[in-house]
1. Condition check: in contact (Cβ under 8 Å) with a residue 24 or more places away in the chain and surrounded by fewer than 24 Cβ atoms within 10 Å (Cβ to Cβ). Does Arg284 satisfy that?
2. Any idea which residue in the stretch 320-351 is farthest from Gln24 (Cα to Cα), counting only those that are touching a Ser or Thr at 6+ places or on another chain (Cβ under 7 Å) and not in a loop (DSSP other than H, G, I, E, B)?
3. Hey, does the stretch 115-126 have a residue that's out of contact with any strand residue (DSSP E or B) (no Cβ under 8 Å at 6 or more places or on another chain) and modelled with pLDDT under 80?
4. Run Gly243 past the list (1) buried (at least 22 other Cβ atoms within 10 Å of the Cβ); (2) more than 22 Å from the chain's Cα centre (by Cα) and report the number of the one that doesn't hold.
5. Residues in the stretch 305-313: is at least one under 23 Å from the mean Cα position of the chain (by Cα), under 20 Å from Trp377 (Cβ atoms) and in a loop (DSSP other than H, G, I, E, B)?
6. Kindly evaluate Phe356 against the criterion of being within 21 Å of the chain's Cα centre (by Cα) and under 22 Å from Gln114 (Cβ atoms).
7. Quick check: is even one residue across the stretch 126-139 within 21 Å of the chain's Cα centre (by Cα) and more than 21 Å from Pro386 (Cα to Cα)?
8. Would you be able to tell me the number of residues in the stretch 32-71 that are within 17 Å of Asn85 (Cβ to Cβ), at pLDDT 95 or above and of a type outside the set (Gly, Ala, Ser)?
Amino acid sequence: MTSPLLFTQEFWNDPHPVYAQLRQEAPVHPVTLPNGMEVWLVTRYADCKAALADPRLSKRQGAGDNARALARPVSEPLTRHLLANDPPDHTRLRRLVSKVFTARRVEELRPRVQELSTALIAPLRGRQRAELVEDYAVHLPIQVICELLGVPVEDQADFRRWTSVMVSASAGREGVPEAAAAFVGYLLGLIDRKRSAPAGDLLSGLVALRDEDDRLSEDELTSMAFLLLLAGHETTVNLIGNGTYTLLTRPDAHRRLREEPSLIPAAIEEFLRLESPVETATSRTAMEPVTYGGVTIPAGAMVAISLLSADRDPQRFPAPDEFDLSRPDNQHLAFGYGIHYCLGAPLARLEAQIAFTDLLSAFPDMRLAAEPYEVDWRPGTLIRGPVALPVLL
């Protein structure tokens, strides 16, 4: 399976037929990513779930391989976070961050998330057309994570630009080292300001943790801030965009959800399963030979786990390409599995519930302002979502 078949704009727009072929014919298969990196791609649900929890696959080693194009003063502050470490460092980091990123704190955000969503929808009322990604989906999670971390509103455009370049790096985009260096420099300055003038935000809390006996190192602190800013908005932007696209291309489901808004939580789980905002989990490195689906991956090889493919595996989900609001046992892998299960999953679900409730209420007759095949999706093996989503309100 050669790169041109996998990594073209046609593939990004609709990767599901290719993943279906891989699951059937070559479920564990070596591929070359657009950035030239050679990985073994795992595509079946059972194999992906096993790989996500396999301690023989190193996140730390994989992070080092992914960051090899970056200078050490940049790579270290960007690869010391939860997703780039193995136990015992991962265990310690997750314990520390969990202290200031609790489910109760997320639930306390509900009134503010609702307030932000209402404010974003207000200027759209009365308009005939909108571009849902730029006019709504981008702004809600960015504003939420910036307020949570204590990032000044005037800085949002900068870090959004940097992260957009960085998450598309797997598609071979230029400017990644420059974007990474600028982001690290910004975070170091922001952390210094939080240390001098702490507030009640999450980043100030992380800085304070560093000053206690069990603390974050300077690189860990910078890296955690980077991860929370990146994952805290990129994934939810695309959850909203992907979910809206899914609804607007399935009129029956759209109509039922308008009539029964109590089904929105179930719909969000189907959005996550059908069009995961994270296409492929961050890479791991096999520290010894590992076997999935009867195929042995050699020691030292990098492993990419396709969450998007796993969640449409017919061996796990009956009628996997259908949008089913009553699907039982919807244990998708969109938030990962095992020790690296997404810490921000409750926040993503909260934001999505409010977003879809508000959008369906404000614009019950929304429809696509383009043919489905005209919607281009973002290139890259990490993040999946439409570049733009023009709608008639």
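The values are calculated or read from the model by the stated rules, or taken from the named source; none is laboratory data. Because the structure is a prediction, the values reported are computed rather than measured. All Cβ positions, even for glycine, are placed from backbone atoms using ideal geometry, and neighbour counts span all protein chains on display.
1. Working: in contact (Cβ under 8 Å) with a residue 24 or more places away in the chain: yes; surrounded by fewer than 24 Cβ atoms within 10 Å (Cβ to Cβ): no.
Considered against the rule, which asks whether it is in contact (Cβ under 8 Å) with a residue 24 or more places away in the chain and surrounded by fewer than 24 Cβ atoms within 10 Å (Cβ to Cβ), Arg284 comes out as no.
2. My answer is Glu351.
3. Narrowing the stretch 115-126 to residues out of contact with any strand residue (DSSP E or B) (no Cβ under 8 Å at 6 or more places or on another chain): 115-123, 125-126.
Filter once more, so that each one left must be modelled with pLDDT under 80: none.
No - not one qualifying residue is present in the stretch 115-126.
4. Of the numbered conditions (1) buried (at least 22 other Cβ atoms within 10 Å of the Cβ); (2) more than 22 Å from the chain's Cα centre (by Cα), the odd one out for Gly243 is (2).
5. yes
6. Working: within 21 Å of the chain's Cα centre (by Cα): yes; under 22 Å from Gln114 (Cβ atoms): yes.
Yes; evaluated as a whole, the condition is true for this residue.
7. No, the conditions are met nowhere in the stretch 126-139.
8. The number of residues fulfilling the criteria is 5.
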